[in-house]
């Protein structure tokens, strides 16, 4: 039987899945085509990264996806934090499981415009520990891209665990045409120092850095509205300038963020008037406009 070496998923002559490579088997080629078929139906792909844990990266990823969905964009949220998935909790999706349709997994739908995938949906209990080495993690991340029925999306937001290890490396290698990474930090020097490594990681992998978000940048008092710099301020912005990457904005420490996260209610929607939500709305707008401009006006 002759090998079919033509990818029928798109009309782009530059598509890397058009032809079988000399160094790959037919099985590897078909797997690469299946991955390309899913990804070519997703217009924008955004990775949310940080070199430091505890900076609120998952909160940023979840609220970014929700904010985009609320703007009417078809949005996917992929949680690849294999050892500590937070997205099910942040979106009140704990206990949900994945349905299978044919050979594809169906993402969990939230409202009309948001689809979510997390390893948390495959665990029997929220207390289960995933004890895997690199190859297993790479395999499940590939499955979450290739074997999930994402459909046509305007945006895919990927929540990665902190650091520059297996999961961030895997997703950068698998989504080679990603628009870029949003890097989250807090203002203090100990966080900024680690986040610098994350930007270096992106450059070594030729992954564009869309911008830096300085989270927990001052405490917004819910009573008087005054902002107090608990963890200093401006560290993320200074680091962005020194590393020559865009600065997207600051999000203050806001009690509504903690309350919303624990309750599984995204603050971008349920606390739209809070200082953090207003700051996040401005960041989302700036990021959306940046991607639209780079795409030649298409959103």
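The values are calculated or read from the model by the stated rules, or taken from the named source; none is laboratory data. Small disclaimer: the values here were computed from a predicted structure and weren't measured. Note: ideal-geometry Cβ built from the backbone for every residue, glycine included; neighbour counts use all protein chains shown.
Observations, loosely collected:
- Every listed requirement among (1) under 23 Å from residue 163 (Cβ atoms); (2) touching a residue at least 24 places away in the same chain (Cβ under 8 Å) is met by residue 200 save one, (2).
- Residues that are out of contact with any helix residue (DSSP H, G or I) (no Cβ under 8 Å at 6 or more places or on another chain) and part of a helix (DSSP H, G or I), drawn from segment 122-143: 122, 135, 136, 139, 143
- The single condition among (1) without any contact (Cβ under 8 Å) to a residue 60 or more places away in the chain; (2) farther than 22 Å from residue 161 by Cα; (3) assigned to a helix (DSSP H, G or I); (4) under 22 Å from the mean Cα position of the chain (by Cα) that residue 272 does not satisfy is (3).
Yes/no matrix, rows are residues, columns are (1) buried (at least 21 other Cβ atoms within 10 Å of the Cβ); (2) in contact with a strand residue (DSSP E or B) (Cβ under 9 Å, 6 or more places away or on another chain); (3) over 29 Å from residue 285 (Cα atoms):
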{"position": "101", "(1), (2), (3)": "no, no, yes"}
{"position": "112", "(1), (2), (3)": "no, no, no"}
{"position": "120", "(1), (2), (3)": "yes, yes, yes"}
{"position": "123", "(1), (2), (3)": "no, no, yes"}
{"position": "132", "(1), (2), (3)": "no, no, yes"}
{"position": "173", "(1), (2), (3)": "no, no, no"}
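- Restricting attention to segment 205-256, the residues that are touching a helix residue (DSSP H, G or I) at 6+ places or on another chain (Cβ under 6 Å), assigned to a helix (DSSP H, G or I) and loosely packed, with under 14 Cβ neighbours inside 10 Å total 0.
- Residues of segment 63-92 classified as closer than 30 Å to residue 133 by Cβ, out of contact with any strand residue (DSSP E or B) (no Cβ under 7 Å at 6 or more places or on another chain) and buried (at least 24 other Cβ atoms within 10 Å of the Cβ), total: 1
- Output for segment 148-196, where each listed residue is touching a residue at least 60 places away in the same chain (Cβ under 8 Å), on the phi < 0 side of the Ramachandran plot and in a loop (DSSP other than H, G, I, E, B): 150, 152, 160, 161, 162, 164, 175, 176, 177, 178, 179, 186
- Restricting segment 175-202 to residues that are over 29 Å from residue 253 (Cβ atoms) and touching a strand residue (DSSP E or B) at 6+ places or on another chain (Cβ under 8 Å) leaves a set whose member that is surrounded by the fewest Cβ atoms within 10 Å (Cβ to Cβ) is 177.
- Counting the residues of segment 143-169 that are surrounded by 15 or more Cβ atoms within 10 Å (Cβ to Cβ), closer than 19 Å to residue 206 by Cα and more than 13 Å from the chain's Cα centre (by Cα) gives 4.
- Only one of the numbered conditions (1) at pLDDT below 95; (2) surrounded by 16 or more Cβ atoms within 10 Å (Cβ to Cβ); (3) closer than 26 Å to residue 210 by Cβ is not met by residue 140, and that is (1).
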